[in-house]
Structure formats: structure tokens, C-alpha cells
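Taken together, the values in this text are just the output of simple stated rules run on the coordinates, not laboratory data. All of these numbers come straight from a predicted model, not from anything done at the bench. Please note: Cβ atoms are built from the backbone with ideal geometry, for glycine as well, and neighbour counts cover all protein chains shown.
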Amino acid sequence: MAETVHDVFLKDGKWHVKGVGNEKSTYVCNTQEEAIAKAKEIAKNNDGKVKVHNTEGKVRAQIGNKDAKPAKKPAAKPAVKADAKPAAKTDAKPAAKAEAKPVAKAEKKPAKK
């Protein structure tokens, strides 16, 4: 699957978020900050990136999808022999945690003159 790219640009006093190749803007926002947040959200959900344009239309930043978490692979299960017996259960209780005790502070002696 190709990486999606969303542009954030200023048009008619509003900040637009538009996917490359789309005819219409996906979002129209009052601030660039809001538009960037929306574009990042789209990029995260679609494994894409964001190109942020300045007021003159030049690209000032490219934001990759660093926040996206890679898909986790299922953990490999250890091989179990057919004749293996389950582990014996014990009635042992876990060791109690030691409580932290406050340390007494040394009293200060008055300074001599």
C-alpha cells in the first residue's frame, strides 16, 4: 500500500487539509495548528505523512508517521511435548513488600556568636 500524503496549506484565509490527488479539502480550519493536528490524525490512521506549507505555499515541514505503533506480531508459543505434565501448584504466598519508613531528621543546633 502506498503511503498517503496530506498537505496543510492556507487558502482564502483558512487552513486546509487535503489529501494528495483529492479534489476537495478533507478539513478546513481556522488555525494552522488545528489543521496540522487533523492531518497528523489522518496520517496516523492511514500510515501516511503530512506536508505543512507556509503562507507563501512553500513546504516548511514534513511530518512522518512517527507516532504510529507498528503492528505487533503474535508471540511464538513454546513447543510443548505431548507427554509433558502441567506444573504443580503451590500454596506459597508472595512475599510482602516492606513499607517505607520515614527517616528522622537531625535537629539543627543554634549557631554560636
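With the cut-off at 1.5 for a/c, could you classify the range 5-50 from its C-alpha gyration tensor as rounded, prolate or oblate?
In terms of gyration-tensor shape, oblate.
Could you give the length gained by full extension between E34 and K11, i.e. 0.36 nm per residue of separation minus their alpha carbon distance, to one decimal place?
Computed gain between E34 and K11 is 6.8 nm.
About the Cα centre of the range 5-50, how large is the charge dipole given +1 on each Lys and Arg Cβ and -1 on each Asp and Glu Cβ? Please answer in debye to the nearest 20.
With only Lys, Arg, Asp and Glu charged at Cβ, the dipole is about 40 debye.
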